[in-house]
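The values are calculated or read from the model by the stated rules, or taken from the named source; none is laboratory data. What you see is a predicted model; the values in this text were computed from it and never measured. Every residue, glycine as well, gets a Cβ built from its backbone with ideal geometry; the counts of neighbours run over all protein chains shown. Heavy atoms of the whole protein, side chains included, go into the accessibility calculation; ligands, DNA and RNA do not. Shrake-Rupley method; radii C 1.70, N 1.55, O 1.52, S 1.80 Å.
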Amino acid sequence: TAETATVPAADDLWTWDAASKTLTLKNGFSLTVVESKPAILLPDGSSVIVEGKASVNSYKYEETIECEGSLTIKGSKADKSVLNIVSYEDGVYADGALTVENIAVNIEAQSDGFFSYGDTVIKNAKLDFDTYDESIDANGTKLLIENSDVNLYSEDEEGIDASGTLEVIGGKLVVLAYENALEAEKITLTNVIFDLKTIDNDYTFIDINEDY
């Protein structure tokens with residue numbers, strides 16, 4: 001439940017506003033967790049604001065940043081705000097919608113990079129993911145990536161796995177995946193530079209999955 005959500009003790013490098021459910025990570029913030037719990041656990045409707053460069057790492061069987069509902073992650077500008085994540089499980093897990101804006105996010109994960117149970121929107125972002133499972137696993141009705149520079153590598157599964165529609169507008173999309181590079185119910189690429197590759201020849205660059 002939201003009442004059980006916790007954040008680390010406050011210091012000069014971060015603040016938590018309970019009224020707005022906003023966690024601000026300031027330049028130089030670094031957190032490493034070696035216990036079997038999320039490094040950061042947030043209630044539904046939370047926002048993570050990154051000012052400068054921040055790092056969050058977890059080395060046990062839990063997500064690194066977990067939200068118990070909808071989550072927003074954003075920075076001032078993609079070339080100024082950077083969030084680095086190392087995870088034994090999912091890098092970012094949202095049990096609802098996920099919005100990522102104006103930020104660079106670098107993830108190394110043994111499971112998924114982004115995992116969401118709601119609609120996912122990524123705008124004006126720079127993503128560089130190295131994952132074992134899906135780099136982006138979106139389980140809402142839509143995944144929108146707009147004006148972003150996205151570089152994804154999945155060692156064992158799909159690069160992007162969307163249960164609904166996938167729409168990419170502008171920017172750049174580079175995906176190297178063991179299985180399908182892109183998988184969704186409907187896929188639209190508009191004015192985007194893309195490079196899609198699969199490692200296993202039994203799979204395809206784009207898979208329109210009608211089973212969802």
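So the values come out like this:
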{"read-out": "Low-density loop cleavage sites - trypsin sites (Lys or Arg not before Pro) in region 71-100, where at most 12 other Cβ are within 10 Å (DSSP)", "value": "LYS77"}
{"read-out": "Intensity falloff of region 94-212 expressed as log10 I(q)/I(0), Debye formula with alpha-carbon point scatterers, at q = 0.11, 0.17, 0.19, 0.22 Å⁻¹", "value": "-0.28, -0.72, -0.93, -1.32"}
{"read-out": "Accessible area of region 172-212 divided out per residue, in Å², using a probe of 1.4 angstrom", "value": "64 Å²"}
{"read-out": "Surface/4 estimate of mean projected area, convex hull on alpha-carbon atoms of region 93-143, nm²", "value": "3.0 nm²"}
{"read-out": "Beta bridges per DSSP with both ends in the chain, % antiparallel, nearest 5", "value": "5 percent"}
{"read-out": "Computed lengthening from THR190 to ILE208, 0.36 nm per intervening residue step minus Cα-Cα distance", "value": "4.8 nm"}
{"read-out": "Label assignment, Rg and Dmax of the Cα atoms in Å derived from the structure, set (1) 16.2, 51; (2) 20.1, 64; (3) 22.9, 96", "value": "(1)"}
{"read-out": "Extension reserve of the THR22-GLU35 stretch, reckoned as 0.36 nm per residue once the Cα distance is removed", "value": "2.3 nm"}
{"read-out": "Listed residues LEU176, LEU127 arranged by accessible area, highest first, probe 1.4 Å", "value": "LEU176, LEU127"}
{"read-out": "Portion, in percent, of the accessible area of the chain that falls on carbon or sulfur, probe 1.4 Å", "value": "44 percent"}
{"read-out": "Accessible area, probe 1.4 Å, largest first, for residues THR15, THR22", "value": "THR15, THR22"}
{"read-out": "Dipole of the chain [Lys/Arg +1, Asp/Glu -1 at C-beta], most positive-end residue of VAL175, GLY118, TRP16", "value": "TRP16"}
